[in-house]
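So the structure is just underneath, and the comments pick up after that.
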Amino acid sequence: MEDLKIEDVNLEISENLERHRTDGFSSSEVLVVRRGAPIRISLQLEGRAFNPKTDYLKVQVMLGRMYVAMPVTFSKKVSYTRWKAYIDRESLDLQNPSVFISSPASASVGCHTFKMCAITRGSNKKSCAFGKFTLLCNPWCCADVVYIPFEDQREEYIQNDSGLLFIGTAMNPVSRPWSFDQFEPGVLEACLQLLKVSPQHQTNKRMDYLNRKNPVYIGRVVSAMINSEDDRGVLKGKWTGDFKEGVNPSLWTGSGDILTQWAESGFKPVKYGQCWVFAAVMCTVMRVLGIPSRVVTNFNSAHDTNDNLVIEEFYSETGQKLNRSKDSIWNFHVWVECWMTRRDLGSGLDGWQVLDPTPQERSGGVFCCGPAPVKAVKDRRIDLIYDIPFMYATVSADVHSVILSEGQVVNYSKDTERVGSLICTKAISFPRLQNITGDYKYIKSPTSTISSRSSRMSEDSTLHRGSSRGVLVVLSLDQTPVAGEPVCFTVKVTNKQSVAKMMKIHLNAQAKEYNNSPSDTFWESHGVVKLGPMEVKVIQQQITKVEYEDVVGDDLINLAVVLEDLNSPERVLASEEFNIASPQLIIQITNEESIVPGKERTASVTFTNPFSHMVSGVLTVAGAGLIQGKVHFRMPPLRPGGSVKQRITFIPSKVGAKMLQASLALSNINSTIRGFQMVSVCRA
């Protein structure tokens, strides 16, 4: 009898991509599939047809130098715990038989090769063909530890290639569009290379491959590899000085450019990143690898350097914030949550896990953080791995505010709720904020985060000692500050005692970056206020746009008021840090109801200048699945109040909800104006 010969194998790309929900990776040169689900492979035979009575098939699957061999059976019964290969008798085509290869739900992530061999009874010859597939985690498979139960969650946290990051302040969160780009050319390959370049793989390839079945291990590797402090990681962080040797972190609009630049440069760190860039790039990598991920912002995020769960802030007697402590509170900090089962920690700690790739403190000797179960952070389970004490302090540390006069403490107050005042992420399916503070902290009152901040300010600003014990000061913004308009605020002073008081009032405004101490004072006001017994006085103040717009830009404002009792050495402080809401770019799409792949469409981007002087800059438009790369336009000088409209064209390449985003980097102000529009691309 003639030996059975395999001429080639057909990986049935379209069918397998659809079956495994990986059709976004259709541009990859290697078939991309998910573990715990069968892959159909068709055999192209040379000569005679397959004879089930005399021919049998064997499959060998390899990852690096590790391999597993299995016979091809006629039993469709598969197991989530071991590899299996089978032929479906009911649909058997003897001329081109199909073999199904099913991987365990705990198979290692990476690029696998396989060898398919045919052997005829009575012959010592075998005919073989080879193929490759990239195996990812499978959040659709109930036996996979990254299984997440609802389809809208999987669409948002795996398939969505765009999203919103939140920056600014808890009082005025700003949504920043971001393109995760996981399906863009070269991104999948860069993510797989990241695992290979890691110190774990370079040190012990076999152990790395074995450990890649575990998303806890993958998360720690990726967390360390996104920054470049200990290895050939993706991003170089920079928080001070200029960015002339690289890209200002504020100008990045997506992960794709960063990951492909890193891979194409031979794994040289991309300059530069800050927390939201680190987190967004890590979110892309984890989504590519099949692990549900989302970007989370913690407003008023503590960095406790001495592990005492206390952050100290110092002010001068005129309200200027001083740089006197190694501890710090960032106005916001951004990290990643990934969904997984934590079998290593026991029951009750499954679900969202914190992973933070921004290099802040070492974990196990390496700049990485997590995965820390969000439930463990909430319950202060500091006995568990990984990095739970650090994360607990990040969202729940106390703040001690101190006023100094000639080196002496003249006032001290304590705030137990300011840190972690708002923790949020993008809502599922909608471009808006979802408040998840209650996942991390036990909320003490049903009042909103923003309103409670004002009440806390008044409580914490009460003089507790000496003759000024009965004075209360409340500092509040009259409305959300908007670019091009004055910042209006109110100082309310209450004398709770039955004696008159004469008090000096000092108002001070400083610009500050979200993660640094404030710079020099750019606005101040001083005066005297006379309070009768039990009297309440309300003082209205404003900072004009001319006074702040050239100083602040994309930075924030630290505003403080100090009351000085002329008959006492003590002081009372109230402060607030806030951002100026930037104007939005307006994006309009023509004929939104009939957008299909491959057909050119038109949109317009409009900007109106709210500033008191002329501005110019560069407009950048991007959109994963809509525009290949980026398109740049130079905007000529625009007078105050003037508007400019830029027409753009795009050709959608992928079906689904896509984000068209635009950013205008102004050349004469430290400010970038942004806007986005969701585009629904339908099947033709």
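The values are calculated or read from the model by the stated rules, or taken from the named source; none is laboratory data. Please read these numbers as outputs of a predicted model, since none were measured by experiment. Here the Cβ is made from the backbone with ideal geometry for all residues, glycine too, and neighbour counts use every protein chain on show. Ligands, DNA and RNA are excluded from the accessible area calculation, which covers all protein heavy atoms including side chains. Shrake-Rupley method; radii C 1.70, N 1.55, O 1.52, S 1.80 Å.
Would you pick out the residues in segment 622-649 that are in a loop (DSSP other than H, G, I, E, B), under 18 Å from G254 (Cβ atoms) and open to solvent by 50 Å² or more (accessible area, probe 1.4 Å)? Passing the criteria: only Q628. Close Cβ contacts (under 6 Å, 6 or more residues apart or on different chains) running from residues in segment 472-488 that are more than 20 Å from N609 (Cβ to Cβ) to residues that are surrounded by 16 or more Cβ atoms within 10 Å (Cβ to Cβ) and of a type in the set (D, E) comprise L475/E576.
Per the listing A118, A105, the residue uniquely of a type in the set (G, A, S), under 45 Å from the mean Cα position of the chain (by Cα) and surrounded by 14 or more Cβ atoms within 10 Å (Cβ to Cβ) is A105.
On the given criteria, is S127 part of a strand (DSSP E or B), touching a residue at least 40 places away in the same chain (Cβ under 8 Å) and of a type outside the set (V, I, T)?
Numbers: part of a strand (DSSP E or B): yes; touching a residue at least 40 places away in the same chain (Cβ under 8 Å): yes; of a type outside the set (V, I, T): yes.
It is true that S127 is part of a strand (DSSP E or B), touching a residue at least 40 places away in the same chain (Cβ under 8 Å) and of a type outside the set (V, I, T).
As an exercise: evaluate P149 against (1) without any contact (Cβ under 8 Å) to a residue 24 or more places away in the chain; (2) assigned to a helix (DSSP H, G or I); (3) within 26 Å of P373 (Cβ to Cβ) and give the number of the one condition it does not meet. The number of the failed condition is (2). Against the test of being in a strand (DSSP E or B) and crowded, with 17+ Cβ neighbours inside 10 Å, the options V78, V68, V61 yield a single qualifying residue, V61.
Under the condition of being in contact with an Asp or Glu (Cβ under 7 Å, 6 or more places away or on another chain) and either closer than 22 Å to Y147 by Cα or in a helix (DSSP H, G or I) (or both), the residues counted in segment 264-285 number 1.
Which of the residues spanning segment 1-44 are among the charged types (D, E, K, R) and over 22 Å from W140 (Cβ atoms)? If the condition is that a residue be among the charged types (D, E, K, R) and over 22 Å from W140 (Cβ atoms), then E2, D3, K5, E7, D8, E29 are the ones that fit.
Could you tell me whether segment 382-399 includes any residue that is of a type outside the set (A, V, I, L, M, F, W, C), at pLDDT below 85 and in contact with a strand residue (DSSP E or B) (Cβ under 7 Å, 6 or more places away or on another chain)? No, segment 382-399 contains no residue that is of a type outside the set (A, V, I, L, M, F, W, C), at pLDDT below 85 and in contact with a strand residue (DSSP E or B) (Cβ under 7 Å, 6 or more places away or on another chain).
Residues considered: P139, P173. Of these, the only one that is crowded, with 16+ Cβ neighbours inside 10 Å, in contact (Cβ under 8 Å) with a residue 24 or more places away in the chain and more than 14 Å from R287 (Cα to Cα) is P173.
With respect to the conditions (1) closer than 21 Å to Y442 by Cβ; (2) open to solvent by less than 10 Å² (accessible area, probe 1.4 Å); (3) in contact with a helix residue (DSSP H, G or I) (Cβ under 9 Å, 6 or more places away or on another chain), S396 lacks only one, and its number is (2).
Open to solvent by 40 Å² or more (accessible area, probe 1.4 Å), under 20 Å from E577 (Cα atoms) and not acidic (D, E): is that true of Y412 in this structure? First the steps, then the outcome.
Numbers: open to solvent by 40 Å² or more (accessible area, probe 1.4 Å): yes; under 20 Å from E577 (Cα atoms): yes; not acidic (D, E): yes.
Judged against the criteria, Y412 is a match.
Each residue in segment 246-256 was checked for being closer than 11 Å to V277 by Cβ and either outside any loop (DSSP other than H, G, I, E, B) or open to solvent by less than 10 Å² (accessible area, probe 1.4 Å) (or both), and 5 pass.
If the condition is being open to solvent by 40 Å² or more (accessible area, probe 1.4 Å), part of a loop (DSSP other than H, G, I, E, B) and not acidic (D, E), then segment 351-373 contributes R362, G364, G365.
In this structure, does F243 turn out to be among the hydrophobic types (A, V, I, L, M, F, W, C), in a loop (DSSP other than H, G, I, E, B) and open to solvent by 30 Å² or more (accessible area, probe 1.4 Å)? So F243 fits the description; yes.
Counting only residues that are aliphatic (A, V, I, L, M) and surrounded by fewer than 22 Cβ atoms within 10 Å (Cβ to Cβ), which one in segment 296-314 is modelled with the highest pLDDT? Before the answer, list the steps.
Residues of segment 296-314 aliphatic (A, V, I, L, M): 296, 302, 309-311.
Filter again for surrounded by fewer than 22 Cβ atoms within 10 Å (Cβ to Cβ), leaving 309-310.
Numbers: L309: 77, V310: 82.
Checked segment 296-314; the qualifying residue modelled with the highest pLDDT is V310.
Tell me yes or no: at least one residue of segment 534-543 is open to solvent by 10 Å² or more (accessible area, probe 1.4 Å), hydrophobic (A, V, I, L, M, F, W, C), modelled with pLDDT under 90 and more than 30 Å from A684 (Cα to Cα). Checked segment 534-543: no residue is open to solvent by 10 Å² or more (accessible area, probe 1.4 Å), hydrophobic (A, V, I, L, M, F, W, C), modelled with pLDDT under 90 and more than 30 Å from A684 (Cα to Cα).
Each row is one residue, and each column tells you yes or no for (1) of a type in the set (A, V, I, L, M); (2) modelled with pLDDT of 95 or more; (3) under 30 Å from Y514 (Cβ atoms).
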residue	(1), (2), (3)
V174	yes, no, yes
P185	no, no, no
L188	yes, yes, no
C191	no, yes, yes
L195	yes, yes, no
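For segment 69-104, give me each residue that is among the β-branched types (V, I, T) and within 17 Å of A118 (Cα to Cα). Those that are among the β-branched types (V, I, T) and within 17 Å of A118 (Cα to Cα): V72, T73, I87, V99, I101.
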